[in-house]
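This report concerns only the one structure given below.
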Amino acid sequence: MNASVQPTLILDANPANGQQLAEQLGHAGFASDAASTCLAAIAAVRDKHYGAMIVIGDLLDSGTLSCISDLRTQAPGAWLIVVALAPPGSARELTWPHGVDALLTLPYSVQNLASRLSAFAQRSRPS
C-alpha cells in the first residue's frame, strides 16, 4: 500500500457487504474500515482521520442524505463517494448539495471505485 494513501471508511447498512468491500479495497492497496450505521460511521470519523468515505445507500431515503451531510460536516477534508441506485431524476442534483465528490451508480465495479480512490489520493482536497 502506498503510505500516502489515507484510510477509507465504508458505510453500508449490510455489514457483510461493507466488510467484503473493505477486503477487496485492501487487496487494491487501500486500508479500509466498515460501518453499518450512520452513528457508527460518525463515531469512526471522530476517532480516526479518513482520506475518503464511501456511502452505499438509497438516495430516495432522507436518512441516507442526512447521514451524508452529517459525515461531510464531521470530516470536511475527506473525499466523499456515494454508491447508489440512480433514482428518477438526477442523482447528482440530490447529492451535490450534501458535499458529495463522486457518484457511482449500482451496479458498480470495485476496480472503478479503486481507480477513483487512487485519483483522489493524487490530488489535494479542494478548498
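Here are the numbers for this structure:
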quantity	calculated
Residue satisfying all of: in region 53-69; over 13 Å from the mean Cα position of the chain (by Cα) and assigned to a helix (DSSP H, G or I); modelled with the lowest pLDDT among these	62
Out of 92, 72, sole residue that is closer than 19 Å to residue 7 by Cβ, among the charged types (D, E, K, R) and either part of a helix (DSSP H, G or I) or modelled with pLDDT under 90 (or both)	72
Boolean, residue 40 is of a type in the set (A, V, I, L, M, F, W, C) and at pLDDT 90 or above	yes
Residue under evaluation residue 31, criteria (1) of a type in the set (A, V, I, L, M, F, W, C); (2) farther than 19 Å from residue 111 by Cα; (3) loosely packed, with under 15 Cβ neighbours inside 10 Å; (4) at pLDDT 90 or above, criterion not met	(2)
Breaking point among (1) at positive phi; (2) at pLDDT 90 or above, for residue 99	(2)
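The values are calculated or read from the model by the stated rules, or taken from the named source; none is laboratory data. This one's a predicted model, so the numbers in the text were calculated from it and none came from an experiment. With ideal geometry, Cβ positions are generated from the backbone for all residues, glycine too; neighbour counts draw on all protein chains shown.
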